[in-house]
Amino acid sequence: MSIAANIADIKNGIGTTTTLVAVSKYSPLQAVQEAYDAGQQDFGENKAQDLAARWQQLPSDIRWHFIGHLQSNKVKYIAPFVHLIHSVDSLKLLEEIEKQAAKNSRIIPCLVQVHIASEESKFGLDEGEVIDLLQHPSLAQMQHVQIKGLMGMATNTTTVPVVMREFESLHKLYIRLSEMNELPANVNMEVLSMGMSGDYQMAIKAGSNMVRIGSALFAE
Ligand SMILES: *Cc1c(COP(=O)(O)O)cnc(C)c1O
C-alpha cells in the first residue's frame with residue numbers, strides 16, 4: 001500500500017476525534033513529504049536536531065511533535081517551532097522549556113510522560129511523581145509553558161490484557177487529574193497521547209485521543 005492509502009486506512013480506523021501523529025523518525029524526507037501531500041499535518045520525531053533540520057526542510061505549516069526523551073540542553077533546537085512536547089519528565093526540563101519558550105516569545109504546549117509499562121527501560125514518571133510535578137509551586141509561575149495532558153507507552157508485548165490494563169491505568173490518571181481542583185491554571189487535561197503501530201486500537205478503546213504511529217504508516 002502507498003503512504004496515502006495507509007493514512008486513509010488508519011484515519012478511518014481511529015475516527016475523527018483522535019489525532020494521528022505520523023512518526024517519521026525512521027523515514028526519509030521524501031516519505032514525510034508524501035504523507036504531507038496526502039493531507040497529514042502532524043508529525044513526530046524523537047531527536048531534537050533531526051526535528052529542527054526537518055522543520056527547515058519541509059512545509060512550514062507542519063505541526064511538529066517531539067516524542068522522545070528530551071535532554072535539557074537540546075530544548076533550544078526545537079523551542080522556536082515545536083507544536084507539542086510529549087515527553088516532559090522532570091521539573092528541570094520544564095524550567096528549561098519555560099526559559100527557551102520565553103526567549104522565543106511563545107507558549108510551548110507539553111504533555112507529561114507517565115511510566116505505565118512493566119519494562120524498566122521506558123522513561124516517564126509514576127503517578128505520585130506526576131502529581132508532585134503538577135502541584136509544584138514553580139510550575140504555576142511559568143508563563144510560557146502549558147501542560148495539556150499525558151503521554152504513555154505500554155509494555156512491548158502481544159499479551160492483550162497487559163497492554164489494556166496499562167492504557168486503562170493511564171486513562172484513569174488522566175480523568176483523575178482533569179477532575180482535580182488544586183492544579184494551576186496552566187495545567188489542563190485535553191490530550192491523552194497513547195498508542196503506537198502495534199497497539200493503537202487498544203489505546204483508543206482505553207480512551208486515547210492522540211496516537212503516534214510510525215511503522216504502520218510509512219511501511220509500503
Ligand atoms: C517510535 C515511536 C513511536 C512510533 O512507533 P511505531 O511502532 O513505529 O508506530 C511512537 N511513540 C514513541 C514515543 C516512539 O518513540
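When a/c is below 1.5 the answer is rounded, else prolate if a/b is larger than b/c, else oblate, so apply that to region 1-134 with a ≥ b ≥ c taken from the square roots of the Cα gyration tensor eigenvalues.
Verdict is oblate for region 1-134.
Residues whose amide H comes within less than 5 Å of that of Gln146, counting only those at least five positions distant or on another chain, are Ile108, Cys110 (H built at 1.01 Å from N in the peptide plane). Under the rule a/c < 1.5 gives rounded, and otherwise a/b versus b/c splits prolate from oblate, where does region 80-220 land using the Cα gyration tensor? Judged from the Cα gyration tensor, region 80-220 comes out prolate (a/c at least 1.5, a/b above b/c). Taking Asn209, Asn156, Asn188 as the candidate residues, the one with maximal mean-square fluctuation in a Gaussian network model of the chain, Cα springs under 10 Å, is Asn156.
Please calculate how many Å² of accessible area the chain carries per residue, with a 1.4 Å probe and no DNA, RNA or ligand atoms counted.
47
In region 76-195, the portion of solvent-accessible area held by carbon and sulfur atoms comes to 50 percent [1.4 Å probe, whole percent, DNA, RNA and ligands not counted]. Shape verdict for region 51-99, please, from the Cα gyration tensor: rounded (a/c under 1.5), prolate (a/b greater than b/c) or oblate. Note, shape of region 51-99 comes out prolate.
The values are calculated or read from the model by the stated rules, or taken from the named source; none is laboratory data. Source: prediction; values computed, not measured. Only protein heavy atoms, including side chains, enter the accessible area calculation; ligands, DNA and RNA are left aside. Shrake-Rupley method; radii C 1.70, N 1.55, O 1.52, S 1.80 Å.
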